[in-house]
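Written out below as structure tokens is the structure these notes cover.
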Amino acid sequence: TSQGLLNNLILSVFQDSAGNIWFGTFRGGVTRFDGKYLTTFSTKSGLFSDVVNFIFEDSEGTMWFATGAGVVKYQNSSFTILTVKEGLCNNDTRTIAQDINGNIWIGTNGGGISVYDGTKFHNYSENDGFIENFVNTIYRDQSGDLWIGTASKGLLKYSNGKFSRLSKEQGMASNLIR
């Protein structure tokens, strides 16, 4: 666009610890605004996918991008792609969070959840007894519990190594959690 974004359809907005504002777009990659200048990262600059569904910064300052082609780590001005080849449960990733132990939780559109410990993945899917393969959001609260919003099974809470569920049966307005 004339303002500097490669695409006006913004899927995610995030402010990092340095104060930069990041914009994840549909087919325009990700753009960082430092308060003065826009810098766009796309497949032309090594991003790997121009569809950025979600942006996250971990406790070490590494930026993570959930894309339709896997998860991208941006660290020290370089990109690393993590896909099913590396153990991710599904390449269509939707959301990212970090637990209190430093593990990265990745929600996918059809594969469940992947938990990355920095070297390998542990996956939760319907095939393993997990309740839902379509994960829209993951949030860590102040006590360290993870809240997982699904496409049709309500809200899951992960606390002390166990999942519990809240759904319409427990009084939720809907089982669709965005």
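The values are calculated or read from the model by the stated rules, or taken from the named source; none is laboratory data. Fair warning: this is a prediction, and the values are worked out from it, not measured in the lab. All Cβ positions, glycine included, derive from the backbone under ideal geometry; neighbour counts span all protein chains shown. When the accessible area is computed, the model is the full protein with side chains, heavy atoms only, and any ligands, DNA or RNA have been set aside. Shrake-Rupley method; radii C 1.70, N 1.55, O 1.52, S 1.80 Å.
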Put Met63, Met172 in order of accessible area, largest first, probe 1.4 Å, and you get Met172, Met63
Scan around Gln75 for amide H atoms under 5 Å from its own, H built in the peptide plane at 1.01 Å from N, and keep only partners 5 or more places away or cross-chain.
Thr80
Distance in nm between pseudo-label sites at Asn101 and Gln170 (7 Å out along the Cβ direction from Cα)
2.2 nm
Diffing segment 34-46: the Karplus 3J(HN,Hα) column from phi (6.51, -1.76, 1.60, θ = phi - 60°), in whole Hz with x for Gly and Pro, holds 8, x, 10, 10, 9, 10, 9, 10, 9, 4, 5, 10, x
Cα-based Lys proximity count in segment 44-155, under 24 Å, for pairs eight or more positions apart or on separate chains
5
Tally up the carbon and sulfur contribution to the accessible surface of segment 55-116 as a whole percent, 1.4 Å probe, everything protein left in place.
38 percent
Please list, in order along segment 63-74, the HN-Hα scalar couplings obtained from phi with the Karplus expression 6.51 cos²θ - 1.76 cosθ + 1.60 (θ = phi - 60°), rounded to whole Hz, x for Gly and Pro.
8, 10, 10, 7, 10, x, 10, x, 9, 10, 9, 10
Out of Gly149, Gly129, Gly68, a Gaussian network model of the chain with alpha-carbon springs under 10 Å gives the largest mean-square fluctuation to Gly129
Can you tell me the accessible area per residue over the chain, all protein chains present, probe 1.4 angstrom, in square angstrom?
52 Å²
Which net charge results when you count Lys and Arg as +1 and Asp and Glu as -1 among the other residues whose beta-carbon is under 13 Å from that of Leu47?
+3
Quick tally, 1.4 Å probe accessible area for Thr137, Thr31, Thr43, sorted with the most first, runs Thr43, Thr137, Thr31
Which log10 I(q)/I(0) values, to two decimals, does the chain give at q = 0.11, 0.15 Å⁻¹ under the Debye formula with one point per Cα?
-0.46, -0.84
Estimated vicinal HN-Hα couplings, Hz - segment 86-96 in sequence order (Karplus 6.51, -1.76, 1.60; Gly, Pro = x):
8, x, 4, 6, 6, 6, 7, 9, 10, 7, 9
Sorted by average packing, counted as other Cβ atoms within 10 angstrom per residue and highest first, what order do 118-127, 99-108 take?
99-108, 118-127
Tell me the accessible surface of Glu86 in square angstrom (1.4 angstrom probe, heavy atoms of protein chains only), to the nearest ten.
90 Å²
